[in-house]
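What follows is a short report on a single structure.
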Amino acid sequence: MNTLIPFNWLKEYCKTDVDLKTFIKRLSLVGNEIERTIRPDKYLARVLVGRVKEINPHPDADKLQLVTTEINGGKTVQIVCGGTNLEGGQLVAVALPGALVSWHGDNELTLEETKIRGQESFGMICAAEELGFPGLGGGTNIWDLSGVAKDSDVGRDLAEVLDLDDTVFDIEMTTNRPDGMAVVGQAREACAAALGDMDDPLKKVPKIPVHEGDDKYVFNLQVDEHDLCPRYMGVVMDVKVGPSPWWLQKRLILAGAKPINNVVDITNYVRLELGQPMHAFDYNKIDGGKIVVRSAKQGEKFLALNEEEYELSEGMLVIADESKPVAVGGVMGGLDSGVSGLTKTIILESATFDPLSIRETWRALNLQSDSQALYEKGLSTELAPHGMARAIELLRVLAHGQVVGKVQDDRKGDYVHRAFSLDPKKVNKLIGIEIDTNTQIGMLSRLGFEVSDTDQDGVYEVKVPFWRDMDIESDVDLTEEIARLYGYENLPSTIPSGVIPRRERDTLLDRENEIKDLLAGSGWTEVYANSFIDPEDAVRAGIDPALGLIVMNPLAQDQALMRPSLIPNMMRTIAENEQREGVERLFELQRVYLKREGDLPEERSMLLVAIVDEVGGEDLFRHMKGSLEIIMSKYHAEFELSREGLSSQWHPGRSARVLVDGEAVGTLGEVHPIVVQAFGVEYKVAMMEIDLPMLQKHMKLDPSYDEPTEFPAALRDLALLVDEKVAYRELTETMMDSSKLLKSIELFDLYRGSQIEKGKKSLAVHLTLADDHTLTSEEVDVDIKKITDELISTHGVVIRD
């Protein structure tokens, strides 16, 4: 998470005389990477403070005016301007030709002296947002500098008048360090890196005013969800709402926040300074003067500060009054209870919320805020009173604030500091260098850790400061703190010694790559599909979505299921490509994710080959069988087909399971018409699905060798006429069983047509017979007769001439 930290603000806490370049380098090296620096005055070059002397209507434009403007030394220029809030004597921001401005809030434009509707215009009188200050000066209205500049400032550079001689650090902080996302936290990091000295305000006891006497207003606090809100503080104050002084507005702007009014600005200021989000409610908008921290009711409506209405779910934490939610806890306040110019009394909130609850809530609502970004990273309950004390202090000075009731403080239990052991010898062993014990203790002390002796010789107890109790989890983390402050760049470089470890080769990955190359070389096109699918597509493909994992926060509803099969995505791909001409020959070899109770899903490599054709029939099946034969021959695996155990997504009469050594490794055949129609596909689709880990067990990378017989084989051909329903595999099994001499059978012709009886098919096969001696014609004829007799008696085969 990136944080904007103005250097001048940081130096209020870290007293330093280190030059800027060294400061940036050293702070980055200890883990607070400054990605870039911003000079706000750079963007105000050639922008001056001017005074409006005279305003006249434009002769050729109703909405434009000719403004005579004093810019320096009594010199005046004419500027054409469309501002509606211009007045004589008003101090304004004048951008001279050559200045860079934001045109209509978007495009940057370098000004030139020009004519507008025929009238000379020397520069531009600017709104605040046109100079990079959104939220000031009434949006697109001309920026009235009367509250910022004096008459004596006319002609001076605006950046100088606004005191913008500053450098803003854009710092990337890791998400486990919310303490570093605030000015005080970065000042502490700088001082720990020996860049200066600091009187840390978070080490002091927060000074919260004690209200004497009776409360002026009724204020009751009730926390029903202590697990989700371990601490909630609130106090009633009378305030005078108005604009913030420029120094406060400037700091908010440089830190990336938008000034609104003094009360809201102070809550944002404390968040940016200390890292404690704050919120202020208009007391008169809180029914019954009561704050209730509770779980939302199912379907409860909430109108947020962003003017959007949200429907809440049970389990979401809300801050409510007696009748309605007034904030989503830790995420965003409500529009109706927000502070406005009419507010006279506020309830000031400083609280701690459960980070997981915050994260789940904002994601469910798609509602983000600066406060939520901090709360979801985990804040300590001990930070809340510091935020409360600082906000009250600023409200007293800048909003005439008066505490008119006792501070309510409801917390789950007493705070106990985390503590770990520090063994300097162990630290040195882990880092690999010798760092003096006192140096180690000094480093930790500068970060706010309290180090004390123990009964063990040479071992110390280290108490973790509350602002680090979310990321310091063991004594090893203390070693990391010492190492980064010492400087990773100072650690000696040593070439590793010993034998380089070799990682065991992933043979399954090798087979995957080989099969992909094999299929691509055979004319098939590889598909790359998303691992997340629509649960409805799984149902359409005849697959139970419960086999896969449902994603709780999917990017879209059609990506809510981790795929348990490749078939739904392939069918979706086929449907989207159906209008392309020609036969589609596609394959995908990727992981599927099968749900396991109480564990991560099982990931399995699956191969899916698909072909699409308008006609369908046996040709599709043969294409699938051919691709299977290519793979099986590559790995010298013998397979057979079986129609038993087919699942519902396969055509019952045109599909078969693939068996290797009696074990099922996949399925091939035509996809069931119901599945095809469910995806809106008009053509026939055939697929082959192979479980690669199952097949791998039967793969042979090297071919086996059978020594050929020294005696010649005898060859015979048979032509068979048989019923259509008789499977070829049944015929081959019968022939092999009926002859001891028969070594192989090869189908070389298959005919169906008008030349034979309807319901019949004609097959022609080559038979190879051999034995341990040269066969005579009589021996061959005897075995051929055995084969034909068995075919006739078992399957009703007619032997054709």
So what is Rg over Rh here for the chain, counting just Cα atoms and using Kirkwood for Rh?
-> 1.17
DSSP loop (so not H, G, I, E, B), at most 13 other Cβ within 10 Å: list which chymotrypsin sites (Phe, Trp or Tyr not before Pro) in the range 465-532 pass both filters.
-> Tyr528
Calculate what fraction, in whole %, of the accessible area of the chain sits on carbon and sulfur atoms when a 1.4 Å probe is rolled over the protein chains.
-> 47
Could you give the dipole magnitude of the range 714-800 about its Cα centre, charging the beta-carbon of Lys and Arg +1 and that of Asp and Glu -1, in debye to the nearest 20?
-> 460
Among 717-730, 246-259, 377-390, how do they line up from the highest to the lowest mean number of other beta-carbon atoms within 10 Å?
-> 377-390, 246-259, 717-730
Order the peptides 453-459, 399-405 from the highest to the lowest mean number of other Cβ atoms within 10 Å of their residues.
-> 399-405, 453-459
Expressed in whole Å with the largest first, what are the equivalent ellipsoid semi-axes of the range 507-697 derived from the C-alpha gyration tensor as the square root of 5 times each eigenvalue?
-> 24, 21, 16
Estimated FRET transfer efficiency (Ile38, Gln298; beta-carbon r; R0 56 Å; 0.05) | 0.75
For the range 363-514, list log₁₀ I(q)/I(0) at each q in 0.17 Å⁻¹, using the Debye formula over Cα point scatterers of equal strength and ignoring solvent, two decimals each.
-> -1.06
Report the one residue of Pro424, Ser152, Met233 whose Cα lies farthest in the direction of the positive end of the charge dipole of the chain (charges on C-beta: Lys and Arg +1, Asp and Glu -1; origin at the Cα centre).
-> Ser152
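Restrict the search to the range 426-467; then list the GluC sites (Glu not before Pro) that DSSP places in a loop and that have at most 14 other Cβ atoms within 10 Å of their Cβ.
Counting only loop positions with at most 14 other Cβ atoms within 10 Å, the GluC sites (Glu not before Pro) in the range 426-467 are Glu434.
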Counting every Cα pair in the range 409-469, what percent are over 14 Å apart?
-> 61
Residue-normalised accessible area of the chain, given per residue in Å² at a 1.4 Å probe | 50
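If I take all pairs of Cα atoms in the range 714-800, what percentage of them are more than 15 Å from each other?
Percentage above 15 Å: 56.
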Based solely on its DSSP helices, what 222 nm [θ] is calculated for the chain when runs of n ≥ 4 H residues each add -39,500 (n - 2.57) and the sum is averaged over all residues, nearest 500 deg cm²/dmol?
-> -7500 deg cm²/dmol
Kirkwood Rh for the range 234-376 from C-alpha pairs, in Å, is 15.4
Most packed first (mean Cβ within 10 Å per residue), the peptides 172-182, 412-422 order as 172-182, 412-422
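The values are calculated or read from the model by the stated rules, or taken from the named source; none is laboratory data. Since the structure is predicted, the reported quantities are computational estimates derived from the model, not experimental observations. Neighbour counts are summed over all protein chains in view; Cβ atoms, including those assigned to glycine, are modelled from backbone coordinates with ideal geometry. Heads up: the accessible areas ignore ligands, DNA and RNA and are worked out on the full protein's heavy atoms, side chains in. Shrake-Rupley method; radii C 1.70, N 1.55, O 1.52, S 1.80 Å.
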